[in-house]
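What follows is a set of notes on a single structure, which appears directly below.
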Amino acid sequence: MSIPVSSSRVDLSLLHPRFKSRLEKFFEDPRIRGRVQVTSGCRSYAKQKYLYDKYRAGRGNLAANPDWQRPDGFFKGSFHMEQPDGYSYAVDFGLTSSKIKTWEVNAIAKHYGIHPTVSSEWWHHQPRDANGWFEVQGGAPEPEENKKEPKMDWIGLVRLLNQLKDEVQTKPIRYKERSERVKIL
């Protein structure tokens, strides 16, 4: 099952795989299906900085400073923002039906180990905080393979970037090109 989003601009590509698995299970729940969607997902550093600068100029909503770093070094800026490990750890929910209340969404989300972590924002949800992952309540426990942290294949990443460099040298990127290679670069 895919995770429903409010628009094509909602980016879920950087979600930690364990978080994505929890969200998929949450959205399969019949009490949630068709009643809730993700309205805000992952952000790059540049996007977070843009939102923060806009807020500071008085033209946007409150946004975390992307350069602020927790003293323990776990994360920078916002949990929505891509973290040093390459993943994002927050999404915002929106209701698509009057048949469910926000308190119900929060209670069901907690069952899947997804908690509202900003007391003034019912919609902001994370699978973890700086202390670790939230427990899945009741039901079947998470498979052990979901709990393993993904390993970065640095050699593979270098190969990919070298291939991309060779491709761009022979076929330059066009003005306003929106391709996978532009996204990677």
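The values are calculated or read from the model by the stated rules, or taken from the named source; none is laboratory data. All figures in this text were calculated on a predicted structure; none of them were measured in a lab. Here Cβ is always computed from backbone atoms with ideal geometry, including for glycine, and neighbour counts include all displayed protein chains. Protein only, heavy atoms only, side chains kept; ligands, DNA and RNA dropped before computing areas. Shrake-Rupley method; radii C 1.70, N 1.55, O 1.52, S 1.80 Å.
Would you please name the residue that is farthest from Arg35 (Cα to Cα), looking only at residues in the stretch 61-115 that are free of Cβ contacts under 8 Å to residues at least 24 places away in the same chain and hydrophobic (A, V, I, L, M, F, W, C)?
Out of the qualifying residues, it is Trp68.
Just to be sure before I move on: is Val10 touching a strand residue (DSSP E or B) at 6+ places or on another chain (Cβ under 8 Å), buried (at least 17 other Cβ atoms within 10 Å of the Cβ) and more than 19 Å from Ser78 (Cα to Cα) in the structure I sent?
No, not satisfied.
Would you check if there is a residue in the stretch 10-25 being touching an Asp or Glu at 6+ places or on another chain (Cβ under 6 Å) and under 22 Å from Ala130 (Cα atoms)?
Looking through the stretch 10-25, at least one residue is touching an Asp or Glu at 6+ places or on another chain (Cβ under 6 Å) and under 22 Å from Ala130 (Cα atoms).
In the stretch 13-44, how many residues are free of Cβ contacts under 8 Å to residues at least 40 places away in the same chain, in a loop (DSSP other than H, G, I, E, B) and either buried (at least 20 other Cβ atoms within 10 Å of the Cβ) or under 13 Å from the mean Cα position of the chain (by Cα) (or both)?
Looking only at that region, the number is 2.
Restricting attention to the stretch 159-184, report how many residues are open to solvent by less than 80 Å² (accessible area, probe 1.4 Å), part of a loop (DSSP other than H, G, I, E, B) and over 18 Å from Leu14 (Cα atoms).
Within the stretch 159-184, residues that are open to solvent by less than 80 Å² (accessible area, probe 1.4 Å), part of a loop (DSSP other than H, G, I, E, B) and over 18 Å from Leu14 (Cα atoms) number 2.
Can you tell me how many residues within the stretch 17-32 are more than 10 Å from Ile3 (Cα to Cα) and among the hydrophobic types (A, V, I, L, M, F, W, C)?
2
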